Each structure stands twice: as C-alpha cells, then as structure tokens.
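Structure, as structure tokens:
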2 protein chains.
Amino acid sequence: MNLKELSQSLGLSQTTVSRALNGYPEVSPATRRRVEEAANAFNYHPSTRAKGLATGQALAIGHVIPLSSKHEMVNPIFGDFIAGAGETYSRHGYEMILSIVADADERQIYQGLKSRRAVDGVIVHGPRMDDPRIGLLNNLGLPFAVHGRASGYDQPYAWLDVNNRSAFQRATDFLFDLGHVRIALINGLEVMDFAHRRREGYSASLLAHNTPVDPALMRSGEMTEVFGYHSTRDMLESNNAPTAILCSSLISALGVRRAIEEKGLVMGKDVSVVTHDDALSYLQNGGDVPIFTATRSSVRDAGRKLAEMLLAAIADPTLPPQQHLLEAELMVGFSTGPAPRKD
Amino acid sequence: MNLKELSQSLGLSQTTVSRALNGYPEVSPATRRRVEEAANAFNYHPSTRAKGLATGQALAIGHVIPLSSKHEMVNPIFGDFIAGAGETYSRHGYEMILSIVADADERQIYQGLKSRRAVDGVIVHGPRMDDPRIGLLNNLGLPFAVHGRASGYDQPYAWLDVNNRSAFQRATDFLFDLGHVRIALINGLEVMDFAHRRREGYSASLLAHNTPVDPALMRSGEMTEVFGYHSTRDMLESNNAPTAILCSSLISALGVRRAIEEKGLVMGKDVSVVTHDDALSYLQNGGDVPIFTATRSSVRDAGRKLAEMLLAAIADPTLPPQQHLLEAELMVGFSTGPAPRKD
DNA sequence: TCATCTTCCCAAAGCGCTTTGGATTTCACT
DNA sequence: AGTGAAATCCAAAGCGCTTTGGGAAGATGA
C-alpha cells in the first residue's frame with residue numbers, strides 16, 4: 001500500500017492525504033479523520049526512503065563503532081549505551097544505523113555517511129586523546145555528539161561525559177581518609193580519554209596528600225577480568241604491596257577480587273577496592289548494598305541523554321553545542337575498609 | 001555532489017555515468033575509467049535513499065533487540081554478535097539498522113519495518129520457546145534469520161544455532177567420566193530456547209547415567225555474576241552439595257567461583273565447574289589454557305555467518321531456508337578435576 | 001558500396017513521497 | 001445580490017537515482 005493507492009481508495013488527491021497524515025492545517029477535521037482511519041485500516045506507513053528523498057532528511061542517526069584493528073575488542077559498555085540511545089530515537093521517530101569499522105576506515109565512513117546522506121548526525125564512541133575524528137567531523141559539517149571528550153581539541157563541540165577526573169580523585173581521597181597510603185590504579189588503556197582523566201584524578205589526590213606517584217602501583221590495559229587478576233597478583237606479590245586498589249571497570253574488579261582472595265586475603269579488610277561501575281544491566285554490583293565500593297554512573301542514561309542532545313542540535317542547528325558533565329556517585333559497599341595497621 | 005552534477009562536469013549523461021559506476025557493460029573502458037576517476041576526485045557517493053527508491057532495495061538489514069519490559073537486561077552477547085554481523089554487512093555494502101524495542105511492540109515494529117520498506121530483511125535475537133515472532137515473520141513475507149531456534153514452531157525457517165543440547169550433554173558426560181554424580185545446573189532463563197535446550201542435554205546425560213534429576217541442583221535465572229554466586233552458595237550449603245556445577249554463562253561462572261572460594265574450597269579440586277563460553281572479546285576465559293573448562297562457541301562468528309545466510313536468502317529468495325548447527329568445542333581448563341573421594 | 005551488426009551513448013519515465021502554486025467552494029458581510 | 005476572505009482540495013514539479021527503449025557512429029561482411 002502506497003500513498004497513491006491509499007488516496008485513490010479514498011477518492012482524494014495524494015496532496016490531501018499526505019497533508020492529513022502529517023498534520024497540516026489545510027485539511028478539514030472530517031477528512032483528516034477519514035484519512036487516518038483508512039491509513040490505519042490498510043496499515044499504511046510511508047516509505048522512509050521516499051520521504052527522506054523528498055524532505056532531504058534521513059531521520060536516522062549513525063553510530064560508528066571503532067574496532068581497533070589490533071585488539072578486536074568490543075566495548076562491553078556498548079550494548080547498554082545503545083539501548084539508552086535507541087529508546088530516545090524511537091520516541092522521536094528516528095532510526096539508528098550502526099557501522100562497525102576498523103580504525104583506519106573511520107574517516108571514509110564519516111565522509112560516506114555524509115555524502116550518501118544516510119544519516120542526519122552521528123554519535124562518536126570511545127574518544128581517544130587528541131582524537132582526530134572530532135576535527136574531521138567539524139569540518140565535514142555533519143552534526144555529531146561525542147560520548148566522552150577528547151583532550152587536546154579545543155574548538156567547541158557537543159559532548160556528554162562523566163566527570164572521570166573528579167570521580168577518581170574523590171575515590172582516592174576516600175581511600176586516604178580510610179588511612180590508606182599505598183593506593184594502586186588499575187586503569188583502562190590510557191590512550192582512551194576517559195582513562196587518562198581518571199589517572200589525572202588519581203594523581204591529583206596523591207599530590208594533595210603529599211604522596212609520591214609510584215609507577216609500580218599503576219597498570220593500564222584492556223579492561224578484562226584476567227587483566228585485573230594479573231595486575232593485582234603482581235602487585236600483591238611485591239614487598240611493598242598496595243593496601244587499596246582503584247579499578248576502572250567492574251569486570252576487571254572481579255579479577256582483582258579473585259587475586260586478593262586467592263592470596264588468602266580479605267577484600268575490604270586486608271585490601272580495599274574501589275571500582276568504577278557503569279551500571280551495566282548484565283553486570284550488577286550486588287543488590288541494595290553494593291559489593292564493591294564504586295564510582296557509579298549509568299551508561300544507559302548517558303545514551304539516552306546524548307541522543308537527546310544530538311536530536312536537539314539537528315532540530316535547531318543554530319544552537320551552540322551543548323556540553324554535559326555528569327557527576328558519578330560514590331557508593332560505599334563492602335570492598336573498602338580502614339587501612340590495616342602495620343604490625 | 002550528485003549524479004546530475006557529476007555527469008554534467010564530465011559532459012556525459014546520467015545514464016552513462018550511472019552505468020559506468022555500477023559495472024554495466026554498455027560503456028567503454030576508457031569512459032568508465034574517466035568516470036571512476038572523477039567520482040573519486042569529487043568524492044561522489046550515490047544517495048542511499050534515491051538508490052533504494054529506484055531499485056526497490058533497502059540495502060539494509062534490521063536487528064530488533066527485544067528489551068523485556070520486566071527485566072531491563074541488555075544481553076551481554078549482543079555487542080559481539082553485532083560486531084560479527086556488521087563486518088559481513090559492510091563487506092556487502094549493506095547497512096545495519098537497530099531497533100531497541102519493548103517486547104510488546106515487537107509485532108508492530110516488524111510490520112513497520114516491512115511496510116516502510118526500511119530493510120530487506122531482519123535478524124531475530126533471543127528466541128524464546130514457542131516464539132510468536134517466527135510465525136509472524138513468515139506470514140509477513142519479510143526475509144529473516146534467527147540467532148538460535150524456537151522449539152515448538154515446526155515450519156522451516158532460517159536459523160543458526162549452537163548445538164546447546166549436545167554441548168551440555170557432552171559436558172555433563174565429561175563430569176560423570178571424572179566421577180562426579182551430584183552435578184548442578186545453573187542455567188539461564190528457561191523461557192529462552194537456548195536455556196531450555198541446555199537443560200535437555202543435561203537431563204539426557206543424567207538419564208543415560210541412571211542418575212535422578214534433582215530439582216535442588218537446578219537453578220534458572222538472569223545470568224549475572226550475583227546469580228551465579230547466590231545459586232552456588234545456596235547449593236554448597238546444603239547437606240548434599242554438588243561436587244560439580246554446569247553453568248550457562250561465563251559471567252555467572254565468575255560468581256560460581258567466588259562462592260566456591262569464599263567457602264574455602266578449591267575450584268577444580270573440591271568442586272568442578274564447566275561453563276559455556278561465548279568467546280566474548282571483553283570476557284576472555286584466561287589465556288592459552290582456559291581457566292574454566294568450557295563449551296565454547298564464538299558469538300562473533302555466529303554473527304558473521306548468520307548475516308551471510310540472510311544476505312544469501314535475500315539475493316535468491318527461491319532458495320530453501322538454510323539451517324546451521326554449530327558444535328561447541330569442549331575446552332578443558334583448570335576448573336575441572338576428578339570427583340573428590342568421600343572420606 | 002550498401003546493408004547489418006556492434007558499440008557506445010542518451011532522453012525520458014518512474015520509484016513514493018512532499019510541497020508549491022493555484023482552483024474551487026463556502027461563508028460572512030456589506 | 002455581490003464581494004472578498006477563508007477553507008478545502010488538487011495537479012504537477014521535484015528529490016537523486018536506475019532502467020527502458022532507442023539512436024548515431026563505427027566496424028564488418030558480401
């Protein structure tokens with residue numbers, strides 16, 4: 001069923017039917033009702049393609065997921081973020097189109113999306129330090145919004161980010177307050193902007209507490225369970241082991257816990273752990289009282305909000321780019337406690 | 001830059017340029033070269049929208065992700081599956097469009113996708129027992145392929161599935177061979193088809209070994225870490241605790257391990273564990289030698305293959321629906337060992 | 001040399017929608 | 001009754017592409 005057939009069956013012109021369906025005023029209430037009922041009865045939906053051609057809009061948002069060619073990692077965060085964004089899109093009648101793409105091709109992909117007029121805007125995932133994509137997109141003139149930020153690029157652009165720096169500074173402060181001094185950081189890859197900022201927060205707190213930054217207490221890598229485990233085991237075996245560990249991901253934190261327990265130590269007593277928690281739906285941090293003390297910020301919420309921001313920017317391109325900094329909550333769980341006294 | 005402009009700048013008709021670019025034979029090699037170079041220089045890409053309108057193809061595949069309204073779970077598998085499928089799509093010039101959708105709206109979504117001619121086919125995720133979507137799609141006449149199967153629907157349709165039944169039967173057999181008799185199953189939600197089949201495999205092995213099925217040894221739920229932990233703790237506290245546990249997800253298996261170790265037991269010695277491992281990129285099961293003995297099958301591969309199948313079906317609709325049953329490998333790791341002797 | 005194929009290219013129609021620029025009817029008001 | 005405005009509706013153009021149905025030139029064979 002297409003417009004032509006529908007309008008013929010109603011004895012009206014395509015113009016009138018189109019207008020009736022799109023809420024234009026030049027059509028009588030009675031006719032509009034009649035049209036709407038028929039459209040419903042025939043289960044008529046306008047072709048996105050044709051509509052897009054006629055209006056010049058795509059009614060679609062692109063998500064470009066970089067798949068670093070070296071480490072074929074899909075970000076575990078991704079599913080929840082997408083779920084949040086998807087909600088927003090369907091509420092606004094937009095579609096989400098996804099491109100999984102090797103790092104190298106990204107430039108082409110953006111240009112392709114733009115010149116094929118496939119999307120009205122894009123979401124940028126996983127920004128790195130000095131990420132070249134942002135400059136590229138600004139030049140392309142394709143509306144975009146970034147999940148995170150890219151240190152080193154100073155033109156304004158739309159982003160939404162967790163305040164990673166303050167979250168990790170606060171978490172470190174919290175551990176200092178508990179009496180810990182040797183505090184380790186098990187971080188994500190520090191080319192990633194978020195990981196860089198977390199380290200800054202950590203370092204700032206150390207500095208504020210007159211504690212030297214000890215490279216032996218810092219790890220950076222792909223945030224798997226095994227990575228958390230190995231890092232922790234290594235550090236606990238040194239003769240100057242940490243009494244507290246800051247961890248960038250709940251998945252790695254599971255490995256951290258394993259290493260601690262394997263050594264016969266008790267988490268929250270012998271070694272305290274604070275982790276960042278993205279509130280992923282399939283990885284809940286315990287029940288009402290969290291297992292891990294955590295800096296918490298819902299990635300799904302972030303998806304929802306960032307999508308709103310992008311749609312708003314598309315609706316009114318004259319608006320200055322929005323920026324949103326979310327503060328993570330510090331939730332105290334069972335994994336932290338006072339620093340053990342030296343006997 | 002559009003076709004018209006490009007052809008004008010070349011002094012050719014749109015017809016010729018279009019044909020040159022699409023590999024039709026009615027154009028001289030010299031002209032084709034000239035056209036291709038110009039297209040490249042101007043970074044010309046045909047509008048997907050217009051192309052789709054003209055050809056009647058969408059050049060897009062829809063993925064509809066059900067988000068059960070009760071438990072707002074995003075399947076952790078999802079990211080990796082999508083990554084695999086995305087690879088295939090971009091290789092074939094297709095786009096992937098994603099709809100995150102509450103269970104109730106699914107029917108509408110499929111009809112909408114069909115009548116808006118937004119996609120050439122869809123992938124069905126997370127089939128449940130007697131899943132109504134399959135019948136619906138067969139009636140709609142929208143090409144589709146299912147990741148998994150739906151017991152209870154007996155018309156032929158295209159699917160790709162891991163042989164969950166044989167995998168879990170084999171894993172259970174393996175534990176029997178090691179001398180275990182009290183073998184527990186920590187399964188996913190058994191409305192999900194895959195979980196149902198896994199239980200069948202488990203039960204079949206018990207039956208073959210003349211061992212009664214004990215409901216006290218079976219758990220079914222959302223496969224989180226905490227679920228694995230609680231289930232295991234409960235069972236280990238009973239006076240007739242299992243000596244081996246079969247687990248449906250690596251995430252839950254982490255919780256299983258935690259419960260075992262918390263009780264002062266050693267995994268692989270006091271309690272053996274076999275888990276299913278979807279080979280998720282962010283959740284690796286150890287290094288060369290896996291930590292967990294596991295039935296292993298890559299979800300990303302599944303994505304790749306299922307996408308191929310769907311594209312093939314779209315390319316030639318007369319083909320009978322393909323079915324693919326993947327066998328999981330049983331990888332022996334450190335988490336299994338002979339049953340402890342009763343002292 | 002003329003008729004007949006090939007080869008290479010083009011004009012125009014059509015995909016399903018929106019939107020512009022009227023045309024017709026109705027109505028209120030002089 | 002006559003007039004202008006308001007209310008409804010419509011025909012046709014246009015979005016950017018593919019594809020049908022030729023047509024002009026050059027190559028081939030008798």
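The values are calculated or read from the model by the stated rules, or taken from the named source; none is laboratory data. All values derive from a computational prediction rather than experimental measurement. With ideal geometry, Cβ positions are generated from the backbone for all residues, glycine too; neighbour counts draw on all protein chains shown. What goes into the accessible areas is simple: the full protein's heavy atoms, side chains included, and nothing from ligands, DNA or RNA. Shrake-Rupley method; radii C 1.70, N 1.55, O 1.52, S 1.80 Å.
Summary of computed values
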item	result
Averaged over A:51-63, number of beta-carbon atoms from partner chains that fall within 10 Å	3
Principal axis dimensions, the protein assembly as shown - Cα atoms, whole angstrom, descending	86, 67, 60
Pairwise Cα inverse-distance average, inverted: Kirkwood Rh of region A:128-187 (Å)	13.9
Kirkwood-type radius of region B:111-220, with distances r between different C-alpha atoms, in Å	15.6
Solvent-accessible area of A:PHE194 with every protein chain in place, 1.4 Å probe, in Å² to the nearest 10	50
Copies compared at B:ALA104 - label distances in nm, ascending, label defined 7 Å from Cα in the Cβ direction	4.9
Choice from B:ALA102, B:ALA302, B:ALA208 with maximal GNM fluctuation in chain B (Cα, 10 Å cutoff)	B:ALA208
Region A:164-298: relative contact order in percent, alpha carbon pairs under 8 Å with at least 6 residues between	24
Exercise: per-residue mean of other protein chain Cβ atoms within 10 Å, A:98-105	4
Relative counts (whole %) of C-alpha pair distances in region A:164-298, using bins that are 10 Å wide	13, 49, 34, 4
Distance from region A:22-80 to region A:215-229 (C-alpha centre basis), Å	43
Heavy-atom accessible surface of region A:164-298: percent carbon and sulfur, 1.4 Å	52
Where B:GLU190, A:GLU329 fall by accessible area, highest first, once all protein chains stay in place (1.4 Å)	A:GLU329, B:GLU190
Cα extents of chain B along the three principal axes, largest first (Å)	92, 42, 33
Chain B: relative contact order in percent, alpha carbon pairs under 8 Å with at least 6 residues between	17
For region B:205-275, projected area of the alpha-carbon convex hull averaged over all directions, nm²	4.6
Residue pairs, from the table A:LYS305/B:LYS114; A:LYS114/B:LYS114; A:LYS4/A:LYS305, whose Cα atoms sit over 32 Å apart	A:LYS4/A:LYS305
Nonlocal amide H pairs with B:LEU67, under 5 Å, H built at 1.01 Å	B:VAL101, B:ALA102, B:ASP103
Spatial separation of Cα centroids for region B:324-343 and region B:131-170, in angstrom	28
Of every Cα-Cα pair in region A:30-98, the percent that sits beyond 21 Å	52
